[in-house]
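First comes the structure, then the notes that go with it.
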Amino acid sequence: MTIADEKATARTAAFARRKTAFDTAMPGAGGLLSSVLAGHRGVPVSGFLPIRTEIDPTPAMAEAAAHGPVGVPVIMGRGQPLRFALWTPDCDLVRGPFGAMVPAKPDWMVPEILIVPLLAFTRNGGRLGYGGGYYDRTLEQLRATAPTLAIGFAFSAQEADTLPLEPTDQPLDMIVTDRAVLTP
């Protein structure tokens, strides 16, 4: 089995675990994320606007936006790193690639903290995404120029014992779930 096949199998299982967690989630799943971000007030942060069954970071993003710049990722094209557009809770949004909402009139920013969506994670900072490599390319680029904190945000049910990872897969510095804050 190739690494691509292993990742496809892992993604299928991860989607199922995440859907179950999403369907049974209690309100306030982002409370721990808010606590973590409170320790970084004013630092430029990027969150994400959830799609499908992703956990919702927007309450924590709204709190952070009261203290400093908050952005959301914008896909610029296949094989390219992400760019980040300033976001506020009341900004005008349009549908971007993959169905994610993005600001209608982007004002670009560079985050120092990235809240990263995912399908599955390991306690040692491994992350399985959707397979486009956007966050891996982006984190590699940002980390080459400045300290960058990558926080995976997920339901605790998305944890996996192991994941098929490649050398190009960028590690998470922290994982925040609906139940715990994990530091690899």
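Read-outs: derived from the displayed coordinates by stated rules, not from any lab. As the structure is a computational prediction, the values presented were derived from the model and not from experiment. In this analysis, Cβ positions are derived from the backbone assuming ideal geometry, glycine residues included, and neighbour counts consider all displayed protein chains.
In segment 102-139, what residues are more than 15 Å from the chain's Cα centre (by Cα) and among the charged types (D, E, K, R)?
Lys105, Asp107, Arg123 - these are the residues of segment 102-139 that are more than 15 Å from the chain's Cα centre (by Cα) and among the charged types (D, E, K, R).
When you look at Arg78, is it touching a residue at least 24 places away in the same chain (Cβ under 8 Å), of a type in the set (Lys, Arg) and closer than 19 Å to Ile175 by Cα, yes or no?
So Arg78 fails the test.
β-branched (Val, Ile, Thr) and without any contact (Cβ under 8 Å) to a residue 40 or more places away in the chain: which single residue out of Thr2, Thr20 fits that description?
Every option except Thr2 fails the conditions.
Within segment 72-184, which strands (runs of 3 or more DSSP E) (wholly inside it) include 1 or more residues that are buried (at least 19 other Cβ atoms within 10 Å of the Cβ)?
In segment 72-184, the matching strands (runs of 3 or more DSSP E) lie at 83-86, 101-103, 113-116, 149-154, 174-177.
Within segment 24-41, work out how many residues are among the small types (Gly, Ala, Ser) and surrounded by fewer than 16 Cβ atoms within 10 Å (Cβ to Cβ).
Residues in segment 24-41 being among the small types (Gly, Ala, Ser) and surrounded by fewer than 16 Cβ atoms within 10 Å (Cβ to Cβ): 6 in total.
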